[in-house]
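Asks: Next up is a structure, given as structure tokens.
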Amino acid sequence: MTEHTTDLAFIDVRTVAPRERHPRIFAMANALAVGDSFMIINDHDPRPLHYQLQAEYPGQFSWTYLEGGPEVWRVELGRQAEA
């Protein structure tokens, strides 16, 4: 297991019901000020979420993989621009 410490706010969606994951993440993302970010922790690659963010909010969010599996994925999601 990888130890990972950070000062970033985070959401660990491994404990969230699947149908509630994207709405919670989108709520956190929409609450970000430009330049702020948070970390998503998941048990699989959240690539579909990335595609959804790109489609619904083009150019507004950055997406940086901090850890890429195989058991845990950590992604930093940051606000780059206002809507």
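The values are calculated or read from the model by the stated rules, or taken from the named source; none is laboratory data. These numbers were taken from a predicted model, which means no experiment stands behind them. Methodologically, a virtual Cβ is constructed for each residue, glycine included, from the backbone with ideal geometry; neighbour enumeration extends over all protein chains shown.
Asks: Which count do you get for residues in segment 36-83 that are in contact with a strand residue (DSSP E or B) (Cβ under 7 Å, 6 or more places away or on another chain) and among the small types (G, A, S)?
Replies: 3
Asks: If you scan segment 24-83, which residues turn out to be β-branched (V, I, T), surrounded by 12 or more Cβ atoms within 10 Å (Cβ to Cβ) and farther than 13 Å from A9 by Cα?
Replies: Answer for segment 24-83, where residues must be β-branched (V, I, T), surrounded by 12 or more Cβ atoms within 10 Å (Cβ to Cβ) and farther than 13 Å from A9 by Cα: just V72.
Asks: Six or more apart or on different chains, Cβ atoms under 8 Å: show the pairs whose first residue is in segment 62-83 and within 17 Å of Q52 (Cβ to Cβ) and modelled with pLDDT under 95 and whose second is not small (G, A, S) and not in a strand (DSSP E or B).
Replies: A83/Y57; A83/Q60
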